[in-house]
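For reference, the structure discussed in these notes is given below.
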């Protein structure tokens, strides 16, 4: 009967539960526990494995550039760091409120690292994440348009709870790219969150977008109710595992 039970657990893809059941049978100390306690231990192990597998799948699908996490963020060096803002972002409340995070600073200061760390934290909280360089996202949308599947691609992006757009405002957009970007941002406004990472200050984004009407509409949707993180100081590329936020502010509600 025991052998049949184990085979059935494997057949139902409950490998961890089967392994823990076999381990309990081999452990004489388990006899001191009640059936309910032993069963709870087996279920806890299977549940933990399921949660970890789901997290690894979310991280794999996110495609983040760096394996960063907030626990490795250097908060010890006093350089004007707003610890409260980082703590608020770590809770994920901003994701439930569909707020955005805008990260600016010169090259090498750690923008992508912090964006990926926030993405990692979101994935650990059960949130779907997608990381894209803006140029790559727009290229994929252009290809999707040619293949006749742009609507499906846009819908898939809209379903992602947290979209990270890296290398934002690095080039001027064409008319088609402006329209595609507007579709992406408008789909997310008030429904999901976006992280922007860029070397270009917010007041320089109009030049990148090009058309004033599109620029105003896109910026209004991104900057309204957003957290802004401004990074400065020397490049942290040689020690990318510990980038430092130099200045942060509370959500911009203007």
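The values are calculated or read from the model by the stated rules, or taken from the named source; none is laboratory data. These numbers were taken from a predicted model, which means no experiment stands behind them. No Cβ is skipped: glycine too gets one built from the backbone with ideal geometry, and neighbour counts run over all protein chains shown.
Of everything in segment 1-18 that is out of contact with any helix residue (DSSP H, G or I) (no Cβ under 6 Å at 6 or more places or on another chain) and in a helix (DSSP H, G or I), the residue that is modelled with the lowest pLDDT is 2. If the condition is being closer than 30 Å to residue 162 by Cα and touching a residue at least 12 places away in the same chain (Cβ under 8 Å), then segment 1-47 contributes 45, 46. Of the candidates 200, 240, the single residue that is at pLDDT below 95, in contact with a helix residue (DSSP H, G or I) (Cβ under 8 Å, 6 or more places away or on another chain), surrounded by fewer than 19 Cβ atoms within 10 Å (Cβ to Cβ) and farther than 30 Å from residue 126 by Cα is 200.
Taken over segment 150-204, the residue count meeting the criterion of being more than 16 Å from residue 224 (Cβ to Cβ), assigned to a helix (DSSP H, G or I) and touching a strand residue (DSSP E or B) at 6+ places or on another chain (Cβ under 6 Å) is 0.
Taking segment 86-115 as the range and being more than 13 Å from residue 230 (Cα to Cα), touching a strand residue (DSSP E or B) at 6+ places or on another chain (Cβ under 7 Å) and assigned to a helix (DSSP H, G or I) as the test, the residues that pass are 89, 94, 95.
Which members of segment 60-72 meet the condition of being in a helix (DSSP H, G or I), surrounded by fewer than 16 Cβ atoms within 10 Å (Cβ to Cβ) and touching a strand residue (DSSP E or B) at 6+ places or on another chain (Cβ under 8 Å)? So that I can check it myself, show each step before the final result.
Narrowing segment 60-72 to residues in a helix (DSSP H, G or I): 60-62, 70-72.
Of the ones still in play, those that are also surrounded by fewer than 16 Cβ atoms within 10 Å (Cβ to Cβ) are 60-61, 71-72.
The one that is in a helix (DSSP H, G or I), surrounded by fewer than 16 Cβ atoms within 10 Å (Cβ to Cβ) and touching a strand residue (DSSP E or B) at 6+ places or on another chain (Cβ under 8 Å): 61.
From the list 123, 40, pick out the single residue that is part of a helix (DSSP H, G or I) and more than 17 Å from the chain's Cα centre (by Cα).
On the way: 123 fails: more than 17 Å from the chain's Cα centre (by Cα).
One residue alone meets the criteria, 40.
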